[in-house]
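Heads up: the structure comes next, in structure tokens.
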Amino acid sequence: MAVNIESYKSIIDELASKRVQLVAVSKTKPVDDIKALYDAGQRDFGENYVQEITEKQPALPADIHWHFIGHLQSNKVKYIAPFVYLIHGVDSLKLLQEINKQAAKNNRIIDCLLQIYIAQEESKFGLDENELQEIIANLSSLANVRVTGLMGMASFSDDLSKVRSEFHNLKTIFDKLKSQELPANCQPTLLSMGMSGDYQIAIEEGSTMVRIGSLLFGARK
Ligand SMILES: *Cc1c(COP(=O)(O)O)cnc(C)c1O
């Protein structure tokens, strides 16, 4: 088993002192690894693939908070709607409408983060500021979703000043959003940014929630 409990303990100590939440990213890792981190105290886990999260969820303790952090297709929302705790990567109004519909069917409200495009890379998903405002303007009609913050991914780059400025940019958008007039189901308190390679920079730039995989579970194949 490649779970690094020592690394976990030092990371949660570091995060606790800064009041930053940890999502342990367990994609591609077996349920035994997740259980080992659960037994060490972790309750929030992040997954990228619908099939994987729906297989793992019933095999693990019911008090786990399952975060969906991958790119979510509208036609798959129904599979995670019964149990998902927070969806991090909402990048279109169409997707949010589908989440709202499936949340209503399950008689619940689903918390979502809107993913903002911050990387100077073409392959990344996310909204620009105009699209963000369009979603906010439509939110009051979506009674079964709650927007609790923003999420973003920096470029995969050795240029740390570039990574920092991308996180800084996201924090600026987050602060601007918080200061505007918002519908009741928009309560932006979470800023999900930072992964194994860049979480310390993300925290320095204002992250409140980091998504860490390989530092906890070992490298993925
Ligand atoms: C895989 C993944 C992570 C974790 O990546 P690590 O580098 O292993 O920490 C975080 N966020 C998202 C969106 C991911 O897809």
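Of everything listed in (1) over 23 Å from Ala16 (Cβ atoms); (2) within 16 Å of the ligand (Cβ to nearest atom); (3) open to solvent by 40 Å² or more (accessible area, probe 1.4 Å), the single unmet condition for Ser155 is (3). Whether any residue in the range 160-174 is closer than 24 Å to Glu14 by Cα, within 13 Å of the ligand (Cβ to nearest atom) and either crowded, with 19+ Cβ neighbours inside 10 Å or within 17 Å of the chain's Cα centre (by Cα) (or both) is what I want to check. Yes, the range 160-174 contains a residue that is closer than 24 Å to Glu14 by Cα, within 13 Å of the ligand (Cβ to nearest atom) and either crowded, with 19+ Cβ neighbours inside 10 Å or within 17 Å of the chain's Cα centre (by Cα) (or both). Inside the range 13-35, residues that are part of a helix (DSSP H, G or I), surrounded by fewer than 19 Cβ atoms within 10 Å (Cβ to Cβ) and free of Cβ contacts under 8 Å to residues at least 60 places away in the same chain make up a count of 7.
Whether any residue in the range 120-138 is within 15 Å of the ligand (Cβ to nearest atom), out of contact with any Lys or Arg (no Cβ under 7 Å at 6 or more places or on another chain), touching a residue at least 40 places away in the same chain (Cβ under 8 Å) and not in a loop (DSSP other than H, G, I, E, B) is what I want to check. No, because not a single residue in the range 120-138 is within 15 Å of the ligand (Cβ to nearest atom), out of contact with any Lys or Arg (no Cβ under 7 Å at 6 or more places or on another chain), touching a residue at least 40 places away in the same chain (Cβ under 8 Å) and not in a loop (DSSP other than H, G, I, E, B).
Taking the condition surrounded by 18 or more Cβ atoms within 10 Å (Cβ to Cβ) and farther than 16 Å from Leu190 by Cβ, does Asn144 pass?
On the way: surrounded by 18 or more Cβ atoms within 10 Å (Cβ to Cβ): yes; farther than 16 Å from Leu190 by Cβ: yes.
Spelling it out, Asn144 is indeed surrounded by 18 or more Cβ atoms within 10 Å (Cβ to Cβ) and farther than 16 Å from Leu190 by Cβ.
Filtering the range 49-90 down to residues that are small (Gly, Ala, Ser) and part of a helix (DSSP H, G or I), which residue is surrounded by the fewest Cβ atoms within 10 Å (Cβ to Cβ)? Spell out the reasoning first.
Looking only at the range 49-90, we keep the residues that are small (Gly, Ala, Ser), and these are 59, 62, 70, 74, 81, 89.
Cutting the leftovers down to part of a helix (DSSP H, G or I) gives us 59, 74.
Working: Ala59: 11, Ser74: 15.
Among those residues, the one meeting the criterion is Ala59.
Report the residue count in the range 182-200 for those that are open to solvent by less than 20 Å² (accessible area, probe 1.4 Å), touching a helix residue (DSSP H, G or I) at 6+ places or on another chain (Cβ under 7 Å) and either farther than 24 Å from Asn100 by Cα or within 14 Å of the ligand (Cβ to nearest atom) (or both). Can you show your working first?
Here is the first cut: in the range 182-200, the ones open to solvent by less than 20 Å² (accessible area, probe 1.4 Å) are 186, 188, 191-194, 199.
Of the ones still in play, those that are also touching a helix residue (DSSP H, G or I) at 6+ places or on another chain (Cβ under 7 Å) are 186, 188, 191, 193-194.
Those still in the list that are either farther than 24 Å from Asn100 by Cα or within 14 Å of the ligand (Cβ to nearest atom) (or both) too: 191, 193-194.
Number satisfying all stated conditions: 3.
Taken as a whole, the range 109-121 holds at least one residue that is at pLDDT 95 or above and surrounded by fewer than 17 Cβ atoms within 10 Å (Cβ to Cβ).
The values are calculated or read from the model by the stated rules, or taken from the named source; none is laboratory data. Remember, predicted model here, so these are calculated numbers, not experimental data. Ideal geometry is used to build each Cβ from the backbone, glycine not excepted, and the neighbour counts take in all protein chains shown. Only protein heavy atoms, including side chains, enter the accessible area calculation; ligands, DNA and RNA are left aside. Shrake-Rupley method; radii C 1.70, N 1.55, O 1.52, S 1.80 Å.
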